[in-house]
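Below is one structure, written out as structure tokens; the observations come after it.
The values are calculated or read from the model by the stated rules, or taken from the named source; none is laboratory data. Worth saying up front: this structure is predicted, and the values here are computed from it rather than measured. Backbone-built Cβ (ideal geometry, glycine too); neighbour counts: all protein chains shown. Calculation scope for accessible area: heavy atoms of the full protein, side chains included, ligands and nucleic acids excluded. Shrake-Rupley method; radii C 1.70, N 1.55, O 1.52, S 1.80 Å.
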Number of protein chains: 2
Amino acid sequence: MVAKGGKQTLGDDVRARLRADILSGRLLPGCRLKFPVLSAHYDASVSVLREALVRLAEQGLVRSEPHQGFVVTPLSREKLWELTEARIELEALVLRRSVVEGDLSWESRLVAAHHTLERTRYTAEGDDQRVDDDWAAAHAAFHAALLDGCTNRRLLRMALGLRDEAELYRRWSQPLGDEPGRDLAGEHRALLEAALTRDPDAAAAALCAHVRHTTELLLAAADRLDHEQPAPEE
Amino acid sequence: MVAKGGKQTLGDDVRARLRADILSGRLLPGCRLKFPVLSAHYDASVSVLREALVRLAEQGLVRSEPHQGFVVTPLSREKLWELTEARIELEALVLRRSVVEGDLSWESRLVAAHHTLERTRYTAEGDDQRVDDDWAAAHAAFHAALLDGCTNRRLLRMALGLRDEAELYRRWSQPLGDEPGRDLAGEHRALLEAALTRDPDAAAAALCAHVRHTTELLLAAADRLDHEQPAPEE
DNA sequence: CGTCAATAAACTTTCGAAAGTTTGTCGGTG
DNA sequence: CACCGACAAACTTTCGAAAGTTTATTGACG
């Protein structure tokens, strides 16, 4: 039986690959996930696919309708706004704790993550409209590092889970690029500054603005998209 | 094939039954969940059990170690405290929103839930040391009703999920009963009062105290238990 | 020509067993 | 007597197919 793959169990491996394919936009929101197709693509039997999908469903990345199979979680403006609200509340909460509780090792990792982010180019080389994959990874790592000082791993895990789901939406309107005038690097510097000076209020405020701003741009981009073709509404 | 059970798919049904058995204390924390045994008990094949367990694992009720099967999530003082902290933060947050956003229908449901709770006897009929099952259900329903005014279903779901996990700990030290002097009914009345007068600060403070108090009693009970036999430590 | 029921196709769910891994046992050796 | 390695038992994971459900198609009737 096939037993390689780098992970420990095939199910874990398949789940990771499915997750990556969904978050990277290779499997689009609303897309049906049929077992015959997946089975061929991922070279795994129905059981392991089912396990992977059930796990992703519990996380909110896919949706399961009884006897109608699985679907990549469909996107809608309402859900994006709900998710954003939840992120603002929870991430602010965790960031406050992180800023207060984080030790020196946390500080160092945060500085390192910011340095990496700052030195990574934003747009992909060939295509100025597409965000670079490395930058996306560095961006996620920086935000994770920001929260990582929080000693309550449970709260931290929930906050990171919400960020993960938000990735889905980021890819949604990616081809349209961000607002040209936005000072993204500045926002990140402000976050770093507030964290290093141990100012929870400033950090929370900066993060709040950062997240809200991103969503507003996303919604605007979606509106523009609507004028050309119907959007993926629920 | 067996197709009854009241639910839509066998997997859902088995998951619900397993969940109930864990929360009610019929399956104790740390207990190994072997497929041969479960398969016989729940009259279902390995696949559906696996699905159910994977889902519960994603929720935190059971734990999965690769190639070593599933275990009912073991309890420890550290984890209880971490969970309590998370609950205090998140439930307070959701309750504030609930109190501000809840409409008349919410108010009515809340009053109804409180009435049910108040008229349900606390200790089981035969055994004064054991909490009545109906009371436990009414208690859970009242707290759910408190939070239910929050329009952000995502935040609400997370808060309820944490409460669920906490149930695990409640059963842990149940045989020892609660502190005699505690005015539980009074605490619930205070919560109701603050909610109905739409005072988010008072409501959050009351909930915070309520949750923290419960955990402190639980920890004290666990300490007393330690003097007789080793506790279920990690 | 549209509507509805019956049939066929496609897919999801569930099962039972094969394949693979861990855990426990037994016998031999230093 | 303790320690180590091979063998066996028990269990987990994975598979492929049977069972059951939904969706699409076809043909008859109003």
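Restricting B:Val100, B:Val111 to residues that are more than 10 Å from every other protein chain (Cβ to nearest Cβ), touching a Lys or Arg at 6+ places or on another chain (Cβ under 9 Å), in a helix (DSSP H, G or I) and open to solvent by 40 Å² or more (accessible area, probe 1.4 Å) narrows the list to B:Val100. Screening B:Arg130 on (1) open to solvent by less than 40 Å² (accessible area, probe 1.4 Å); (2) away from chain A (no Cβ under 14 Å); (3) touching a Pro at 6+ places or on another chain (Cβ under 8 Å) shows it passes everything except condition (1). Going by the conditions given, is B:Ala136 at pLDDT 95 or above, buried (at least 16 other Cβ atoms within 10 Å of the Cβ), assigned to a helix (DSSP H, G or I) and not acidic (Asp, Glu)? For B:Ala136, the condition - at pLDDT 95 or above, buried (at least 16 other Cβ atoms within 10 Å of the Cβ), assigned to a helix (DSSP H, G or I) and not acidic (Asp, Glu) - is not met. Scanning the range B:30-73 for residues that are away from chain A (no Cβ under 14 Å), within 9 Å of DNA strand C (Cβ to nearest atom) and free of Cβ contacts under 8 Å to residues at least 24 places away in the same chain gives a single hit, B:Ser39.
Out of the range B:114-127, which residues are open to solvent by less than 40 Å² (accessible area, probe 1.4 Å) and free of Cβ contacts under 8 Å to residues at least 60 places away in the same chain?
Taking the range B:114-127 as the starting set, the residues that turn out to be open to solvent by less than 40 Å² (accessible area, probe 1.4 Å) are B:114, B:117, B:120, B:123-124.
Hits for the range B:114-127 are B:Thr120, B:Thr123, B:Ala124.
When B:Arg26, B:Arg15 are checked against the criterion of being under 22 Å from the mean Cα position of the chain (by Cα) and either among the small types (Gly, Ala, Ser) or over 25 Å from A:Arg157 (Cβ atoms) (or both), a single residue qualifies: B:Arg26.
Does the range A:177-200 include one or more residues that are closer than 29 Å to B:Leu162 by Cα, in contact with a Lys or Arg (Cβ under 9 Å, 6 or more places away or on another chain) and modelled with pLDDT under 95? No, the conditions are met nowhere in the range A:177-200. Contact map, the range A:208-226: first residue buried (at least 18 other Cβ atoms within 10 Å of the Cβ) and aliphatic (A, V, I, L, M), second residue at pLDDT 90 or above and outside any helix (DSSP H, G or I), Cβ cut-off under 9 Å, separation 6 or more or different chains; pairs are A:Ala222/A:Leu75. Does A:Ala92 qualify as being open to solvent by less than 10 Å² (accessible area, probe 1.4 Å) and either under 25 Å from A:Arg212 (Cα atoms) or among the charged types (D, E, K, R) (or both)? Here the answer is no, as A:Ala92 does not meet what is asked.
Every condition in (1) closer than 25 Å to B:Gly161 by Cβ; (2) open to solvent by 20 Å² or more (accessible area, probe 1.4 Å); (3) more than 14 Å from chain B (Cβ to nearest Cβ) holds for A:Arg154 except the one numbered (3).
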